[in-house]
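The values are calculated or read from the model by the stated rules, or taken from the named source; none is laboratory data. The structure displayed is predicted, hence computed values, not measured ones. Virtual Cβ from ideal backbone geometry, glycine too; neighbours counted across all protein chains shown.
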């Protein structure tokens, strides 16, 4: 049996193997706090039942681990009866070759490129180089919707400021698909991977040292953030109205198992968030529920001034741009949204709902 993380998005440290019990923990690397992302593969375990025990905290989500039998292209939750506290067990099929396990359902650059390839000939989509990361990886920015003339409105969408928050990427796909099918006078600027290096390296991304990408809108340590801040003022041309930053919350519990908008400290923007939330609640057609009452106003729970001591967030910077009315982070749970399963497809469905609500708001 071989256990490793030698693939894009992989993250694990093996503490030891004792018969059919494997002790492992997540690699925190340059993360300054405990976090919960892990993803590994197992080979050579066909026909065996193996128990995996995590030695650094309870890092198994509310629907158990996700498992993939096709090298990370499709995933399913193992379910609530597959784990107990910090351990889970899996009976490997007799023909099992490469079996992958993860805290969530990973979405890597390969998935993004496959999505873009499917829409390569769409005249309402344009792909440009955004920047190059410190490790030399190219980062793309997308233009979608009304891109052949000056639109009435411009919108910014960002994703994966915290690289482990993979379910947000599926929602982003749903938004883009809807934009490409709809001939509206709205132009979108989209950066799918704000922490492209972390996505591919399998980092936590949250609470990096000295701060993460989501708190870099003053110091501009990261090329993706600096490139966005440099590009937007000239691109917006006074037509930038809305900006959404897609995230996933914490592992479980209150405010982590529902979809919600992160309330702004700016009273005018908070009022616009509430107006948009009412539309979104009414526009839900997919399986994932959304309730405006689940939004987290500024000053409550974690959404307090001290949480932003590490630096300015993307949404705060967006709210300062000329003409912006709506600027919001939106949290999409990893596995459970008010009792409904979150997976790649249901997250895409929510993205479609989100896009329709955004058009109505505009």
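Would you please name the residue that is surrounded by the most Cβ atoms within 10 Å (Cβ to Cβ), looking only at residues in segment 70-89 that are in a strand (DSSP E or B) and under 24 Å from the mean Cα position of the chain (by Cα)? Before the answer, list the steps.
Here is the first cut: in segment 70-89, the ones in a strand (DSSP E or B) are 76-77, 83-84, 87-89.
After this cut, where a residue has to be under 24 Å from the mean Cα position of the chain (by Cα) as well, the list is 76-77.
Working: 76: 15, 77: 21.
The extreme case among them is 77.
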Can you spot a residue in segment 276-283 that is in contact with a strand residue (DSSP E or B) (Cβ under 7 Å, 6 or more places away or on another chain) and either touching a residue at least 24 places away in the same chain (Cβ under 8 Å) or closer than 23 Å to residue 193 by Cβ (or both)? yes
Hey, any hits in segment 246-264 for a residue that's in contact with a helix residue (DSSP H, G or I) (Cβ under 6 Å, 6 or more places away or on another chain), surrounded by fewer than 19 Cβ atoms within 10 Å (Cβ to Cβ) and either assigned to a loop (DSSP other than H, G, I, E, B) or modelled with pLDDT of 95 or more (or both)? no
Here are some residues: 160, 76, 126. Which one is touching a helix residue (DSSP H, G or I) at 6+ places or on another chain (Cβ under 7 Å) and either closer than 30 Å to residue 280 by Cα or in the same structural domain as residue 334 (by TED's automatic domain parsing) (or both)? 160
The correct count of residues that are more than 22 Å from residue 324 (Cα to Cα), in a helix (DSSP H, G or I) and touching a strand residue (DSSP E or B) at 6+ places or on another chain (Cβ under 8 Å) in segment 143-195 is 4
Matching residues in segment 271-310 (modelled with pLDDT of 95 or more and part of a loop (DSSP other than H, G, I, E, B)) number 15
Scanning segment 209-231 residue by residue, those outside any loop (DSSP other than H, G, I, E, B) and buried (at least 18 other Cβ atoms within 10 Å of the Cβ) turn out to be 213, 214, 215, 224, 225, 227, 228
Name the single residue, out of those in segment 232-245 being part of a strand (DSSP E or B) and more than 20 Å from the chain's Cα centre (by Cα), that is farthest from residue 138 (Cα to Cα). 241
Residue under question is residue 115, and the condition is that it be closer than 24 Å to residue 200 by Cα, buried (at least 21 other Cβ atoms within 10 Å of the Cβ) and at pLDDT 95 or above; does it hold? no
